[in-house]
Amino acid sequence: MDVGSALLWGFVASAAMITILQGSQSLGLSRLNLPFLVGTVFTADRHKSVILGLGLYWVGGWLFAFVYVLIFTSLGFSSWWLGGILGLLHGAALLSCMHMLSHIHPRIANEYDGPSRTRRIEPPGRFGLNYGPRTPLTTLLAQLVYGLILGSFYQPPPQ
């Protein structure tokens, strides 16, 4: 495993993924803000949660890059199409678990009980659809680009 290359391309892939996710929110394509949701796990202050969540989300992107790199290394190759498949699988797994966030996140309202004094964030619902009908598409696109970058540019060392 080439750690330096994994760190570099993990950083670039994370930047691209975050840009797509934040851009889709800015363009009104989705209301999903994953860095905000990550940040609100640790603080109730909505302003601080955005900065904290962005940093944690970026670190998470770096860590997931190592999962991709381990897969590439174990297979002995990487390619744009393999990275794309992994990215789509990653995105599909993320979307399929999104409805469970209200059960583990301390500030997301429960779909059955609604908001409370401490749980005021809208639950994402199945596949994040409560955050807009294009949310699954923009999430899959962001994860696809993440995987494409890692698969295209990370080259596992020869075995």
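The values are calculated or read from the model by the stated rules, or taken from the named source; none is laboratory data. All values derive from a computational prediction rather than experimental measurement. Methodologically, a virtual Cβ is constructed for each residue, glycine included, from the backbone with ideal geometry; neighbour enumeration extends over all protein chains shown.
Side notes on the structure shown:
- Unique match (being surrounded by fewer than 21 Cβ atoms within 10 Å (Cβ to Cβ) and within 16 Å of I18 (Cα to Cα)) among L140, L101, L129, L150: L140
- Some residue of segment 69-77 being at positive phi and either surrounded by fewer than 16 Cβ atoms within 10 Å (Cβ to Cβ) or part of a helix (DSSP H, G or I) (or both): yes
- Sole exception among (1) more than 25 Å from A13 (Cβ to Cβ); (2) within 16 Å of the chain's Cα centre (by Cα) for Q143, by number: (1)
- The condition (being crowded, with 18+ Cβ neighbours inside 10 Å, touching a Leu at 6+ places or on another chain (Cβ under 8 Å) and part of a helix (DSSP H, G or I)) is satisfied by just one residue among L37, L88: L37.
- When we screen L32, L82 for residues that are touching a helix residue (DSSP H, G or I) at 6+ places or on another chain (Cβ under 8 Å) and assigned to a helix (DSSP H, G or I), the only hit is L82.
- Residue check: A44 meets all listed conditions (1) modelled with pLDDT under 90; (2) more than 30 Å from P157 (Cβ to Cβ); (3) of a type outside the set (D, E); (4) in a helix (DSSP H, G or I) but one, namely (4).
- Scanning segment 8-29 for residues that are hydroxyl-bearing (S, T, Y) and within 14 Å of the chain's Cα centre (by Cα) yields S14, T19, S24.
- Looking only at segment 133-159, residues that are part of a loop (DSSP other than H, G, I, E, B) and either under 18 Å from A92 (Cβ atoms) or touching a strand residue (DSSP E or B) at 6+ places or on another chain (Cβ under 7 Å) (or both) come to 2 in all.
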